[in-house]
1. Since I72 meets every condition but one in (1) farther than 17 Å from A107 by Cα; (2) free of Cβ contacts under 8 Å to residues at least 24 places away in the same chain; (3) not in a loop (DSSP other than H, G, I, E, B), which condition does it not meet?
2. Determine whether region 119-126 contains at least one residue that is among the small types (G, A, S), in contact with a strand residue (DSSP E or B) (Cβ under 7 Å, 6 or more places away or on another chain), surrounded by 13 or more Cβ atoms within 10 Å (Cβ to Cβ) and modelled with pLDDT under 95.
3. Suppose we keep only residues that are within 22 Å of D141 (Cβ to Cβ) and surrounded by fewer than 18 Cβ atoms within 10 Å (Cβ to Cβ) within region 60-76. Which one would you say is farthest from the chain's Cα centre (by Cα)?
4. Exactly one of (1) under 27 Å from N137 (Cβ atoms); (2) modelled with pLDDT of 90 or more is unmet by P43. Its number?
5. Can you confirm whether region 43-53 contains a residue that is touching a Gly at 6+ places or on another chain (Cβ under 8 Å), among the aliphatic types (A, V, I, L, M) and within 19 Å of D125 (Cα to Cα)?
Amino acid sequence: MMSEKGFSSIKLEKHETRDVSDNHTNGELTVIWRDWDKIINNPQMIYLNSVNPGEIKGPHIHKNRTSYFFCIHGKMVIVVQDKNGEYHEIESDSATPKLITVSNGIAAAIINPFNNITKIIVMADIAWKPNDNEMENVTFDEYDWKKWNLGVD
């Protein structure tokens with residue numbers, strides 16, 4: 001499912017849930033991962049990542065770990081620099097569920113250019129360990145950060 005550029009965005013299944021007594025809609029269920037989908041091979045780590053309004057996390061590269069992002073609250077933009085050096089912006093929010101995959105060796109940043117905290121479930125195929133030096137900070141010197149009005153030069 002991974003593109004040749006090292007990232008992907010997959011629209012996720014969303015299903016209404018119903019009350020057992022009178023069958024009215026009482027919510028919804030979004031399928032993020034099932035073992036038979038073969039999107040993620042046995043995630044080794046799942047964590048909640050929050051991004052404050054007007055903030056950027058990254059950009060950085062995970063040398064060994066592939067990460068899978070699912071926005072559960074608010075909105076986010078993931079900026080990915082593919083293997084050819086081109087930038088891609090993938091927007092996601094809790095209303096239109098997507099699973100965004102960034103493979104190891106691909107640089108990415110999470111932006112929250114909105115007014116509320118963003119919360120993201122992140123799954124990874126390799127678990128993080130303190131001081132494992134698995135992540136490398138990078139800069140997106142040619143990227144236009146100003147378009148998001150974040151106060152970044």
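1. Result: I72 passes all but (2).
2. For region 119-126, residues among the small types (G, A, S), in contact with a strand residue (DSSP E or B) (Cβ under 7 Å, 6 or more places away or on another chain), surrounded by 13 or more Cβ atoms within 10 Å (Cβ to Cβ) and modelled with pLDDT under 95: present.
3. Going through the qualifying residues, I end up with K63.
4. If we test P43 against (1) under 27 Å from N137 (Cβ atoms); (2) modelled with pLDDT of 90 or more, just (2) comes out false.
5. no
The values are calculated or read from the model by the stated rules, or taken from the named source; none is laboratory data. A quick note: this is a predicted structure, and the numbers were derived from the prediction, not measured. All Cβ positions, glycine included, derive from the backbone under ideal geometry; neighbour counts span all protein chains shown.
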